[in-house]
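Encoded as structure tokens, the structure appears first; notes follow it.
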Amino acid sequence: MASNGATPAQHDGHADEYKNHQFPPGPAAEGALVSSRQQYDEMHRESIADPDKFWGKIAEDFVWNKLWQNPVRRFNFDVRTGPVKIEWFVGAETNISYNCLDRHIEAGQGDRVAFYWEGNDLNEDCTVTYSQLLDQVCQLANYLKSVGVKRGSDVTIYMPMIPELPAAMLACARIGAVHSVVFAGFSADSLAGRILDSRPSVVLTASAVKRGAKPINLKGIVDSAIKKVEAQGHSISTVLVYDHALAAKRTDVAFVEGRDVWWQDAVPRQPTECPVEWMGAEEPLFKLYTSGSTGKPKGVEHTTAGYMVGASTTFKYVFDHRQSDIYWCTADCGWITGHSYVTYGPMLNGATQVLFEGVPTYPDAGRAWDIVDKYKVTLLYTAPTAIRALQSFGDKFVTQHSRKTLRILGTVGEPINPEAWKWYHEVVGEGRCPIVDTWWQTETGAHMITPLPGATTLKPGSATLPFFGVEPAVLSEKGEEMEGECEGYLVIKTAWPSCMRTLSGDHERFETTYFKVYPGYYFTGDGCRRDADGYYWLIGRVDDVINVSGHRIGTAEVEGALTQHPQCAEAAVVPVEHPIKGQGIYAYVTLMVGTEYPPPAQLKKELVATVREVIGPIATPDVIHWAPGLPKTRSGKIMRRILRKIASKEEDQLGDTSTLADPSVVQTLLSMRGQ
Ligand code: WTA
């Protein structure tokens with residue numbers, strides 16, 4: 001079973017052995033929603049045996065304008081029997097913004113805190129209650145309507161982590177507009193590509209943001225993205241700009257007359273009431289772009305009712321959410337984790353959460369724990385890369401803080417190495433807090449394989465068992481389902497409520513990528529092992545996607561960016577193990593004919609700068625390795641296996657190189673290491 005390269009960082013032999021330890025729920029089972037393995041088993045069995053009954057009952061807790069018909073779901077997962085189509089809560093009408101806000105306020109919860117906002121710099125904070133948030137959402141929704149946004153319109157959001165970001169998502173959802181949040185760390189080129197794909201007429205942004213010590217000129221990035229978009233014949237009629245005075249002076253921001261509007265000038269004038277659009281269960285809620293193996297990022301589309309029920313139910317059970325909890329998810333709303341586990345899942349449950357604008361290492365590595373104590377955080381959800389980064393500063397930043405309120409710790413985005421698991425469990429959680437290692441994807445919309453804190457015995461590094469309604473299988477190279485203990489490709493056998501429905505404007509690519517690889521199954525792109533207890537251990541991507549700090553980057557995207565540099569003739573990118581990021585980006589670059597190797601050192605800097613400009617800083621290559629020639633087969637296919645081995649300094653395990661058109665390129669490549 002080949003994963004696409006680097007296994008997660010594993011340095012400590014003892015920690016590796018730690019994988020065999022088991023951690024039963026212990027006191028976490030007390031009062032938990034699911035408080036025993038037996039109860040989980042029963043509920044999972046019911047959810048698979050009669051999904052209509054199981055999900056129909058759960059859905060009764062939400063507010064519907066029109067109830068669904070029977071059966072609850074209708075789907076075809078098998079390309080051989082017709083187009084792939086997935087529908088849940090067929091015939092129903094609801095509104096997710098109503099369910100996130102109005103429903104709680106009507107139940108007398110309006111004064112509950114929705115967000116404790118913690119700014120980038122110390123001593124910048126504010127509190128927003130559910131009632132206050134509803135007012136803001138309605139005002140913004142009314143403003144959007146006033147500039148022509150309607151049910152079905154696309155709206156692009158490029159904003160920092162301020163309360164106005166989830167509010168913007170909820171305002172779109174309220175009036176049936178489809179939001180596309182672009183992480184405000186992507187470059188102007190990337191933003192332009194996403195705007196060109198979804199073609200909104202309105203863009204929401206902020207003047208600037210400070211991330212750590214670094215100011216980022218968001219409005220400037222939006223301006224240059226719009227120039228690129230206009231050059232392609234698409235125009236933006238309104239740019240609504242939040243004046244983020246903590247990060248930039250209003251007077252320093254360039255404005256385009258007639259197009260740009262200050263948020264604070266326009267939105268507060270609007271009425272604080274805005275009736276919702278009752279949306280069909282299968283009407284689109286949002287698009288979110290994510291990297292795939294080939295070509296440009298894919299616009300993953302989620303619809304209304306199934307996503308709502310999936311995001312809400314997973315949040316409730318996986319974090320065993322109680323009204324007394326203070327929840328903090330460190331993800332940005334620009335990623336799926338921020339969609340499902342900042343904006344929608346928690347708010348659907350009326351949760352109180354911390355929204356943090358900054359980075360956990362600024363002004364120092366104790367910031368995260370400072371926030372935990374300041375707000376008395378009980379549920380913390382973060383990524384292995386953040387855990388490793390904090391761990392690298394030593395324990396004292398953690399132990400200086402009390403952390404006694406912490407109850408459950410979550411992780412997401414990449415496999416967690418046992419060493420980081422152990423530190424999270426023993427140092428951060430003082431052995432008290434179960435760790436929920438949640439495996440899922442942008443495409444799945446919600447947690448798929450995950451422990452339940454009161455029910456599941458944990459094994460460090462395993463995402464453990466499927467959530468309700470999820471039926472995973474492991475396939476062999478030949479596509480045969482394997483039983484018992486095995487290792488292979490992770491697929492899903494049946495539709496779950498929050499499954500994506502299509503790719504923006506390209507249903508064929510949707511079918512090809514996810515349903516044609518192994519007909520009859522949803523193909524995840526991940527490799528996994530199942531142990532004798534039925535526990536799943538995720539191994540990593542099996543396609544050409546690199547998981548850098550829990551963010552997906554397509555090798556083809558980075559290669560495409562590199563070749564935009566005039567001196568780059570060809571590039572091949574592979575993952576390489578990285579102690580903090582999990583995987584790093586290792587790029588082999590062939591220069592234009594006639595260039596001498598190694599070229600002046602400056603060229604590496606230029607190539608790196610090109611990638612940052614074309615994609616964004618998250619795609620920064622860690623290594624540029626000069627490649628006077630790339631290892632290719634006689635038919636011209638690059639043998640990436642060889643490149644991965646050289647990148648991870650395992651050239652003694654190159655395997656068979658006899659099919660190379662020119663086997664001597666390997667020696668030349670090795671001689672270029674470190675040049
Ligand atoms: C990886 C993030 C191991 C996996 C929610 C998946 C994980 C990709 C885990 C999706 C985990 C996510 N253990 N691997 N707990 N969670 N992954 O779309 O490779 O940004 O396919 O969604 O991240 O990344 P995405």
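The values are calculated or read from the model by the stated rules, or taken from the named source; none is laboratory data. Keep in mind that what you see is a predicted model, and the values were worked out from it rather than measured. Positions of Cβ are backbone-derived with ideal geometry, glycine not excepted, and every protein chain shown enters the neighbour counts. Please note that ligands, DNA and RNA were not included when accessible areas were found on the heavy atoms of the full protein model with its side chains. Shrake-Rupley method; radii C 1.70, N 1.55, O 1.52, S 1.80 Å.
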(request) Might you check whether a residue that is touching an Asp or Glu at 6+ places or on another chain (Cβ under 9 Å), open to solvent by less than 10 Å² (accessible area, probe 1.4 Å) and aromatic (Phe, Trp, Tyr) occurs anywhere in segment 294-314? (result) no
(message) Looking at Val155, Val181 in this structure, which one is within 23 Å of Ser312 (Cα to Cα) and either among the basic types (Lys, Arg) or open to solvent by less than 10 Å² (accessible area, probe 1.4 Å) (or both)?
(response) Val181
(message) Name the single residue that is nearest to the ligand (Cβ to nearest atom) among those in segment 562-578 being under 17 Å from Val623 (Cβ atoms) and of a type in the set (Gly, Ala, Ser).
(response) Ala572
(request) Name, by its number, the condition in (1) open to solvent by less than 50 Å² (accessible area, probe 1.4 Å); (2) away from the ligand (no atom under 16 Å from the Cβ) that does not hold for Tyr289. (result) (2)
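Table: residues versus (1) in contact with a strand residue (DSSP E or B) (Cβ under 8 Å, 6 or more places away or on another chain); (2) over 21 Å from Met161 (Cα atoms).
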site: Gly345; (1), (2): no, no
site: Val354; (1), (2): yes, no
site: Lys374; (1), (2): yes, no
site: Val412; (1), (2): yes, no
site: Val428; (1), (2): yes, yes
site: Pro453; (1), (2): yes, yes
(request) Kindly provide the set of residues from segment 320-351 that are away from the ligand (no atom under 16 Å from the Cβ) and assigned to a loop (DSSP other than H, G, I, E, B), ordered by number. (result) Asp320, His321, Arg322, Gln323, Ser324, Asp325, Asn349, Gly350, Ala351
(message) Just to verify a result, which residue in segment 630-645, among those that are free of Cβ contacts under 8 Å to residues at least 40 places away in the same chain and open to solvent by less than 50 Å² (accessible area, probe 1.4 Å), is farthest from Leu669 (Cα to Cα)?
(response) Gly636
(message) Filter segment 171-211 down to the residues that are over 22 Å from Glu283 (Cα atoms) and polar (S, T, N, Q) and list them by number.
(response) Ser187, Ser190, Thr205, Ser207
(request) Pairs only if they're at least six apart or on different chains, beta carbon under 6 angstrom, first in segment 352-381 and in contact (Cβ under 8 Å) with a residue 40 or more places away in the chain, second of a type in the set (S, T, N, Q) and surrounded by 22 or more Cβ atoms within 10 Å (Cβ to Cβ); list them, first residue then second. (result) Glu357/Asn120; Gly358/Asn120
(request) Filter the helices (runs of 4 or more DSSP H) completely within segment 369-423 down to those with at least 1 residues that are away from the ligand (no atom under 13 Å from the Cβ) and of a type in the set (Asp, Glu). (result) 418-423
(request) Scan segment 542-561 for residues that are out of contact with any Asp or Glu (no Cβ under 9 Å at 6 or more places or on another chain), assigned to a helix (DSSP H, G or I) and either among the acidic types (Asp, Glu) or near the ligand (Cβ under 10 Å from one of its atoms) (or both) and report the count. (result) 1
(request) Could you please give the count of residues in segment 566-588 that are farther than 30 Å from Ile416 by Cβ and open to solvent by less than 20 Å² (accessible area, probe 1.4 Å)? (result) 2
(request) Considering each residue of segment 424-448, count those that are within 15 Å of Val470 (Cβ to Cβ), of a type in the set (Asp, Glu) and more than 9 Å from the ligand (Cβ to nearest atom), and give that number. (result) 0
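Kindly provide the set of residues from segment 96-118 that are in contact with a strand residue (DSSP E or B) (Cβ under 7 Å, 6 or more places away or on another chain) and within 13 Å of Gly350 (Cβ to Cβ), ordered by number. Don't jump to the end; show me each part of the working.
In the first step, residues of segment 96-118 are kept if they are in contact with a strand residue (DSSP E or B) (Cβ under 7 Å, 6 or more places away or on another chain); the result is 96, 110-118.
Within segment 96-118, Gly110, Asp111, Arg112, Val113, Ala114, Phe115 qualify.
Go over the candidates Ala619, Ala627 one by one and state the one that is open to solvent by less than 10 Å² (accessible area, probe 1.4 Å), farther than 21 Å from Gly527 by Cα, touching a Lys or Arg at 6+ places or on another chain (Cβ under 8 Å) and not basic (Lys, Arg).
On the way: Ala627 fails: touching a Lys or Arg at 6+ places or on another chain (Cβ under 8 Å).
The unique qualifying residue is Ala619.
Being of a type in the set (Gly, Ala, Ser) and surrounded by fewer than 24 Cβ atoms within 10 Å (Cβ to Cβ) is the filter here, so list the residues in segment 193-206 that pass it. Full working, then the answer.
Within segment 193-206, the subset of a type in the set (Gly, Ala, Ser) is 193, 198, 201, 206.
Once the filter is applied, which keeps residues that are of a type in the set (Gly, Ala, Ser) and surrounded by fewer than 24 Cβ atoms within 10 Å (Cβ to Cβ), segment 193-206 yields Gly193, Ser198, Ser201.
Going by what's in this entry, would Pro346 be described as within 21 Å of Pro466 (Cα to Cα) and free of Cβ contacts under 8 Å to residues at least 40 places away in the same chain?
Values: within 21 Å of Pro466 (Cα to Cα): yes; free of Cβ contacts under 8 Å to residues at least 40 places away in the same chain: yes.
Yes, satisfied.
Of all strands (runs of 3 or more DSSP E) completely enclosed by segment 449-532, which ones contain at least 3 residues that are within 15 Å of the ligand (Cβ to nearest atom) and open to solvent by 10 Å² or more (accessible area, probe 1.4 Å)?
The qualifying strands (runs of 3 or more DSSP E) are 522-530.
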(request) Using the structure shown, decide if Val377 is touching a Phe, Trp or Tyr at 6+ places or on another chain (Cβ under 6 Å) and either modelled with pLDDT under 95 or among the β-branched types (Val, Ile, Thr) (or both). (result) yes
(message) If I ask for residues that are away from the ligand (no atom under 14 Å from the Cβ), aromatic (Phe, Trp, Tyr) and in a helix (DSSP H, G or I), which ones from segment 308-319 would you list?
(response) Tyr317
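Quick one: which of Gly233, Gly212, Gly220 is free of Cβ contacts under 8 Å to residues at least 24 places away in the same chain and either on the phi > 0 side of the Ramachandran plot or not hydroxyl-bearing (Ser, Thr, Tyr) (or both)? Spell out the reasoning first.
Values: Gly212 fails: free of Cβ contacts under 8 Å to residues at least 24 places away in the same chain; Gly220 fails: free of Cβ contacts under 8 Å to residues at least 24 places away in the same chain.
None of the other options fit; the residue is Gly233.
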